[in-house]
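Step one of this worksheet: look at the structure below.
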Amino acid sequence: MTARRPNILVVMVDQLAGTLFPDGPADWLAVPNLRRLAARSMRFTNAYCASPLCAPSRAAFMSGLLPSRSGVYDNAAEFRSDIPTFAHHLRGAGYRTILCGKMHFVGPDQLHGFEERLTTEIYTADFGWTPDYRRPGERIDWWYHNMGSVSGAGVAETTNQLEYDDEVAHLACAALRDLARGHDPRPWAMVVSFTHPHDPYVARKRHWDLYEDCAHLLPDDPAPADDPQSDRLRAACDAGAAVLTDEMVRRARRAYFANISYIDDKIGELLEVLEATGQEAAILFTSDHGDMLGEAGLWFKMTFRDGAARVPLLLALPGGGGSRVDAPVSLLDVLPTLCDLAGAGRPEGIDGRSLFDAARRAAVPMEYAAEGSIAPLVALRQGRWKLVRSAPDPDLLFDLETDPAERVNRAADPACAGVLADLSAQADARWNLAAFDAQVRDSQARRLVVYDALRQGRYQPWDWQPFTDAANRFMRNHMDLNVLEAQQRFPREG
């Protein structure tokens, strides 16, 4: 760990599978910027999200708390203002904190410790996407995933998401240049969060063309997984109503890979500004969750299978070299790690531990209590083993060393009785599934009442409205032009 308090740049992307980052990016991905970053990073090869869905994963990433403790169970659950985030901790330690891009905060607080937020949110901040456990199996078509993202995959010059990420990159680069001017003496911490390569699977032609001869355009193991949760997820995504051809699948995966290259270009723009302005920063790169991409007959996320639950995680320190860490870690660990970097102290009462802790023997926990489930699911990853548990379903126990595709459930195997007993004891000590289920149902019921009421009459959204102080931009008559031009130039001379 670096001794001085560095500037901190966190780059988060959306739905990028950690399985494509076995030790840095897979060698066939066209991602030169990420490859260079990985070469000088701590590369965590078994990093997991806390929940394989956007809002609960991001709240856990920000707070170091599992959904059962934060209350952010799904994509419409409020992230309370009284929960400290790493932005609060870093700001309290003297950092200037900036957010640019997506963070899927639900509720009226759209800052959560950030001093500045440069863009609006790409998704709604209200309770409209609340699941309802009282209606198991119900599909809500207007916001649930469906196979249209796969059947409609292809090429476009612009989309809703490309427009958003173009703006995120532009504003982040402008902010980095402004920080170089040195008007604020504090170290800075900036989170730049993109929405790609999240579906819909539509990419620009120049990135699409990079994968014309890609050997990975069909899943390695597409046969449908036969456990109850996988069956529910396929039903939630209306998979039975779609007939996907191999060509559709190829196009969807090709566009997904192309959008990883698009994101790599954007990351290259950020790194170029840092280099051009001579600013050093610790850089953390990750995703909120992965994408199954047709493996095990599943698409998108919402499952603890590695395609959806594993994420890339790179940490490059100023002056540091590259290293590989195979021990399982979690996005819950980001908060204490950034606090270590910032000299902000070790927060108590969180579920994560610093990535700088050398001895990591504790199991990595995960939770899921959102669409496509009928009760909360929990999981533990420890060493080579993964346990998945939910009250309505039989336990799943996978040996990821011998069965990376998670096809053979070893829960009933007498040879694995000791492993199952150990992980079960840890799960029982951590979770009361009946109480977890009750708190989720109570939250859902409250939010459904509130959402219905707030949509009657005048609608006042919670979405973030970025503010631009035009009265103090560029040149105004309350400014001395000679002083202004000198102050705003970087470098000052030459």
Item checked: Selection status of VAL150, buried (at least 21 other Cβ atoms within 10 Å of the Cβ) and in a helix (DSSP H, G or I) -> yes
Item checked: Cβ-Cβ under 6 Å pairs, at least 6 apart or on other chains, region 393-414 side at pLDDT 95 or above, far side open to solvent by less than 80 Å² (accessible area, probe 1.4 Å) and among the β-branched types (Val, Ile, Thr) -> LEU396/VAL388
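Residues being aromatic (Phe, Trp, Tyr), open to solvent by less than 10 Å² (accessible area, probe 1.4 Å) and assigned to a loop (DSSP other than H, G, I, E, B): count how many of those fall in region 278-303.
So the answer is 1.
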Next item on the list: Please find, among SER323, SER330, the residue that is open to solvent by 10 Å² or more (accessible area, probe 1.4 Å) and either in contact with a Lys or Arg (Cβ under 6 Å, 6 or more places away or on another chain) or not basic (Lys, Arg) (or both).
Entry: SER323
Next item on the list: Would you mind telling me which numbered condition in (1) out of contact with any Lys or Arg (no Cβ under 9 Å at 6 or more places or on another chain); (2) open to solvent by 90 Å² or more (accessible area, probe 1.4 Å) ASP422 fails?
Entry: (2)
Next item on the list: Kindly indicate whether any position in region 188-199 is out of contact with any helix residue (DSSP H, G or I) (no Cβ under 6 Å at 6 or more places or on another chain) and free of Cβ contacts under 8 Å to residues at least 60 places away in the same chain.
Entry: no
Notebook entry, point to check: Can you tell me which residue in region 436-452 is farthest from ILE374 (Cα to Cα), limited to those that are without any contact (Cβ under 8 Å) to a residue 40 or more places away in the chain and open to solvent by 60 Å² or more (accessible area, probe 1.4 Å)?
Noted result: ASP452
Note to self: Looking at VAL419, VAL440 in this structure, which one is more than 26 Å from the chain's Cα centre (by Cα) and modelled with pLDDT of 95 or more?
What the structure shows: VAL419
Notebook entry, point to check: ARG206 is checked against (1) assigned to a helix (DSSP H, G or I); (2) of a type outside the set (S, T, N, Q); (3) within 25 Å of GLN488 (Cβ to Cβ) and fails just one. What number does that condition carry?
Noted result: (3)
Next item on the list: Kindly list, by first and then second residue, each pair from a residue in region 222-240 that is under 10 Å from SER373 (Cα atoms) to a residue that is among the small types (Gly, Ala, Ser) and assigned to a loop (DSSP other than H, G, I, E, B), limited to pairs with Cβ atoms under 6 Å and residues at least 6 apart or on different chains.
Entry: ARG232/GLY372; LEU233/GLY372; ALA236/GLY372
Check: If we only count strands (runs of 3 or more DSSP E) wholly inside region 305-383, which ones have 1 or more residues that are farther than 24 Å from SER424 by Cβ?
Finding: 313-316, 323-325
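The values are calculated or read from the model by the stated rules, or taken from the named source; none is laboratory data. Source: prediction; values computed, not measured. Cβ coordinates were reconstructed from backbone atoms using ideal geometry, including for glycine residues, and neighbour counts include every protein chain displayed. Accessible surface areas use protein heavy atoms only, side chains included; no ligands, DNA or RNA. Shrake-Rupley method; radii C 1.70, N 1.55, O 1.52, S 1.80 Å.
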